[in-house]
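Structure record follows, encoded as structure tokens.
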Amino acid sequence: MDYHHVTLLFMLLSCIASCAFGATNIFNVLSYGAVGNGRADDSQAFLKAWNAACQGQAKSGVTPVVYAPAKKTFLLDPLTFKGPCKSSRIYMLVSGNMVAPVKTAWSGKQVEGWILFTSVNGLVIKGKGVFDGKGASWWPSRPCYNDPARGVLCKGPAGMIFRRCHGLRLDGFTKINGPGSHMVIMSTHDVVVSNLVIIAPGDSPNTDAIDISGSTKVQVRNSFIATGDDCIAITAGSSNIDISGITCGPGHGISIGSLGGGGFDVVENVRVRNCTLKNTITGVRIKTVQGGTGYARKISFQGIKFEAVDNPIEIEQFYCPLKQNCKNDTSGVAISDVTFSAISGTSIAENVISLKCSQINACKNVRLDRVYIKSTTPNKKVSAVCFNAHGTATHTKPAVKCLLP
């Protein structure tokens, strides 16, 4: 038995013990022509292995496993892995390094994202591998980044997109240096994301770690995130979202929104708990633009710790990221039933609690309890500000006296 077969056997035995694969059918990308030297294009080998696993004859109780072995670096062009698959569950075991081409090599290729999974139910991606988006080749080349008319065109492609992948499980791997958002989960039900590491420089533009849109019953837990934008952003059409055990920073914190830019936007039943935010530009926030409709409701932030965070607690219903041509509209997304509880830590800002709600649709039933935030500067006072926010505040420092009944 050669070295690669010994390595494969060892990895599979280890993973079977922890992954509960049961009986498996292994599709090693090396067997389909992958080289794994970081220079040869291994894209077609991955697609061939995927198609064999996804479309092969499904056997009862046998799980297909696409395997990318350790100590290999696979250069992958933008790829789409399509379903539905014949098996009700399909695994991708990633132990090696997957790298994207640099920007100059993307000409003529899909620009939406690097690695897309679409309509793959029961997808599990697991392992200690690394997905490297090579974002540094994109970040400096966005001269229109601050141009409201063309700004959207400057966003780099997403690193990984999961669309209509119900029953999705992501565990253990590392995602670094996305050209744009690292990971997008959209139109998907029943998701568990755990034990991930997602990293990009703090000044890398639009490198959100995890964007969740139009999805339901999503858990994100026990992960380390340090990027140049939102650690986690929960946007329109999402509900029953549970975020826990996240260490976030640098970045823009954990956000609901922005909402209102797409017409009638809805987010509800979101729980963010037991997370630590360090040196982030914002902490936990809800952000909406003027002119939209819909609602954000039944949202709780609990057990949050801040370390030198700017704008720790924020509801911002006048969100305008480019600060140019901002709307001044009477309609707005309705925000209600929002709780901030058991929150403590430090901030570099003077104003540490900001609840700025719509002029027309006041925030209702906003509750703060056991919220203690102080300045990183000894003896410096901190404050709270509200606009058209109704609710209660108990056991808070600073005192929040600006809430309306």
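The values are calculated or read from the model by the stated rules, or taken from the named source; none is laboratory data. Everything numeric here is computed off the predicted structure, so don't read it as measured data. Every residue, glycine among them, receives a Cβ derived from its backbone with ideal geometry; neighbour counts consider all protein chains shown. Please note that ligands, DNA and RNA were not included when accessible areas were found on the heavy atoms of the full protein model with its side chains. Shrake-Rupley method; radii C 1.70, N 1.55, O 1.52, S 1.80 Å.
A compact table of results
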{"item": "Qualifying residues in region 157-178 (those that are of a type in the set (A, V, I, L, M) and within 16 Å of residue 112 (Cα to Cα)) - the one surrounded by the fewest Cβ atoms within 10 Å (Cβ to Cβ)", "result": "161"}
{"item": "Residue within region 278-300 that is among the aliphatic types (A, V, I, L, M), open to solvent by less than 30 Å² (accessible area, probe 1.4 Å) and farther than 21 Å from residue 387 by Cβ present", "result": "no"}
{"item": "Filter pass, residue 280 being at pLDDT 95 or above, touching a Ser or Thr at 6+ places or on another chain (Cβ under 8 Å) and not small (Gly, Ala, Ser)", "result": "no"}
{"item": "Any pair with Cβ under 8 angstrom, 6 or more apart, that starts in region 69-90 at a residue that is free of Cβ contacts under 8 Å to residues at least 24 places away in the same chain and ends at one that is open to solvent by 40 Å² or more (accessible area, probe 1.4 Å)", "result": "none"}
{"item": "Positions within region 257-277 being open to solvent by 10 Å² or more (accessible area, probe 1.4 Å) and more than 18 Å from residue 238 (Cβ to Cβ), in sequence order", "result": "274, 276"}
{"item": "Those residues of region 362-382 which are touching a Lys or Arg at 6+ places or on another chain (Cβ under 8 Å) and of a type in the set (A, V, I, L, M, F, W, C), in sequence order", "result": "371, 373, 382"}
{"item": "Scan of region 36-75 for residues that are part of a strand (DSSP E or B) and either among the hydrophobic types (A, V, I, L, M, F, W, C) or modelled with pLDDT under 95 (or both), ordered by number", "result": "40, 62, 63, 65, 66, 68, 74, 75"}
{"item": "Contacts under 6 angstrom Cβ, first residue in region 291-316 being under 21 Å from residue 221 (Cβ atoms), partner basic (Lys, Arg) and part of a strand (DSSP E or B), 6 or more apart", "result": "300/271; 302/273; 303/273; 307/278"}
{"item": "Single residue of region 51-68 satisfying the filter (in contact (Cβ under 8 Å) with a residue 40 or more places away in the chain and of a type outside the set (S, T, N, Q)) that is most open to solvent (accessible area, probe 1.4 Å)", "result": "62"}
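Residue-by-condition table, conditions (1) open to solvent by 20 Å² or more (accessible area, probe 1.4 Å); (2) modelled with pLDDT under 95:
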position: 77; (1), (2): yes, no
position: 98; (1), (2): no, no
position: 106; (1), (2): no, yes
position: 110; (1), (2): yes, yes
position: 131; (1), (2): no, no
position: 134; (1), (2): yes, no
position: 138; (1), (2): yes, yes
position: 143; (1), (2): yes, yes
